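Please read the structure below before turning to the comments.
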Amino acid sequence: MKQLPKEFYAAMEELQAVDFVLVELTLYLDTHPEDYPSINQFNQFAKERRRLKRVVESMYGPLQQYGNSYSDYPWNWAEGPWPWQI
Amino acid sequence: MSSHRRVWYPYVSPFDPCPPIKAKAYSTPPSLFLGYQPPNLEQFTPMEALKIGTLWKVFYDPWYSPYEVSTEEDQS
Amino acid sequence: MWVYEKKLQYPVKVSACNPMLAKFLIEQYGGADGELAAALRYLNQRYTIPDKVIGLLTDIGTEEFAHLEMIATMVYKLMKDATPDQIKAAGLAGHYADHGKDLFYHNAAGVPFTATYIQAKGDPITDLYEDIAAEEKARATYQWIINLSDDPDLNDGLRFLREREIIHSQRFREAVEILKEEQGKKKIF
């Protein structure tokens with residue numbers, strides 16, 4: 001099975017950090033729907049996560065499927081290692 | 001000790017079978033006190049937030065195991 | 001629908017092969033106040049709760065599945081290369097006889113998961129108070145598991161999960177405040 005490069009772990013953690021901010025802001029905005037600065041922060045982080053997603057996917061393959069990511073040839077979505085294995 | 005602990009002193013009987021733990025503590029997390037979260041509270045950096053489990057400093061309330069306490073307790 | 005993301009919410013690490021910790025952790029996998037019970041509780045209540053808090057129940061319910069995967073990862077790593085002798089010494093022989101190294105939805109004492117762990121009363125305030133109580137119970141459970149664990153990397157992950165219970169409790173408390181206000185009221189700007 002493929003081994004992941006060291007840079008993968010740092011990039012994945014960066015994505016996890018940005019996504020965590022997005023989770024926190026999501027729950028916050030669910031109860032504070034009119035907090036304009038927080039919505040701005042949310043949209044900035046949403047943009048940043050698109051960039052980081054591409055970085056991680058270049059080393060790891062698609063993070064989501066059902067068409068939320070493009071596929072290489074051959075189909076690489078179902079290739080390991082999986083999150084609990086790395 | 002973190003300000004989110006409260007201590008109480010249970011009755012000690014001369015017939016208690018184990019050596020008494022004289023002070024017992026329990027957790028009173030920040031969500032009990034804040035009310036509706038006000039806007040613009042101070043945030044952690046994204047990486048800090050991920051490590052800790054919250055974006056906002058006001059909610060920081062870590063719990064350490066007795067195995068870790070000697071090294072980490074004073075951080076809170 | 002739900003879309004799986006091939007990524008843990010938190011970079012879970014485990015420092016030592018210690019199957020006894022897996023035995024305690026399984027409480028948060030298939031126990032009464034575990035992550036499965038939490039996810040099922042919120043995602044079931046959301047269909048009939050007033051519109052203003054459906055989003056919150058959906059998002060917290062979804063996050064609970066990410067936590068379930070974190071717990072599964074911890075258990076998987078703790079058990080992966082454990083020998084039968086280590087499994088016996090950890091008190092997991094009963095689990096192993098039935099399930100091998102598979103995970104299973106039961107609590108730390110081996111009692112299988114049951115839907116009776118969750119409530120759905122059809123009364124919004126009642127349901128949200130149940131949810132707040134569930135978060136506090138899960139927070140307490142994490143405290144006791146952290147107390148039992150001498151694995152610093154594992155405890156970092158468990159501390160993250162305990163902190164999430166505090167945030168979820170906060171949001172459910174805010175949801176109660178939202179429902180205390182009149183729902184049909186027009187906002188005047």
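When you go through (1) closer than 30 Å to C:A90 by Cβ; (2) in contact (Cβ under 8 Å) with a residue 60 or more places away in the chain; (3) of a type in the set (A, V, I, L, M) one by one for C:I49, which number turns out not to apply?
(1)
Taking interchain pairs and intrachain pairs at least six residues apart, which have beta carbon atoms under 6 angstrom, with the first residue in region C:130-147 and among the charged types (D, E, K, R) and the second in a helix (DSSP H, G or I)?
C:D131/C:F172; C:E135/C:E165; C:E135/C:H168; C:E135/C:S169; C:R139/C:R162; C:R139/C:E165
Could you list all residues from region B:21-42 that are surrounded by fewer than 17 Cβ atoms within 10 Å (Cβ to Cβ) and polar (S, T, N, Q)?
Correct list: B:T28, B:N40.
All but one of (1) surrounded by fewer than 18 Cβ atoms within 10 Å (Cβ to Cβ); (2) more than 8 Å from chain A (Cβ to nearest Cβ) hold for C:R41, so report the exception by its number.
All conditions are met except number (1).
When the residues of region A:18-45 are narrowed to those that are exposed (fewer than 14 other Cβ atoms within 10 Å of the Cβ) and within 15 Å of the chain's Cα centre (by Cα), which ends up nearest to the other protein chains (Cβ to nearest Cβ)?
As a first pass, look at region A:18-45 and keep what is exposed (fewer than 14 other Cβ atoms within 10 Å of the Cβ): A:33-34, A:36-37, A:40, A:43-44.
Checking the rest, the ones that are also within 15 Å of the chain's Cα centre (by Cα) come to A:43-44.
Working: A:N43: 15, A:Q44: 11 Å.
Selected residue: A:Q44.
Out of everything in region C:45-80 that is outside any helix (DSSP H, G or I) and charged (D, E, K, R), what residue ends up being farthest from the other protein chains (Cβ to nearest Cβ)?
Among residues in region C:45-80 that are outside any helix (DSSP H, G or I) and charged (D, E, K, R), the one farthest from the other protein chains (Cβ to nearest Cβ) is C:R46.
So C:D156 fits all but one of (1) modelled with pLDDT of 95 or more; (2) more than 10 Å from chain B (Cβ to nearest Cβ); what number is the exception?
(2)
So the check is Cβ under 6 Å with 6+ separation or different chains; which pairs have a first residue in region C:164-181 that's over 16 Å from C:K137 (Cβ atoms) and a second one that's of a type in the set (F, W, Y)?
C:E174/B:Y36; C:E177/B:Y36
The values are calculated or read from the model by the stated rules, or taken from the named source; none is laboratory data. A quick note: this is a predicted structure, and the numbers were derived from the prediction, not measured. With ideal geometry, Cβ positions are generated from the backbone for all residues, glycine too; neighbour counts draw on all protein chains shown.
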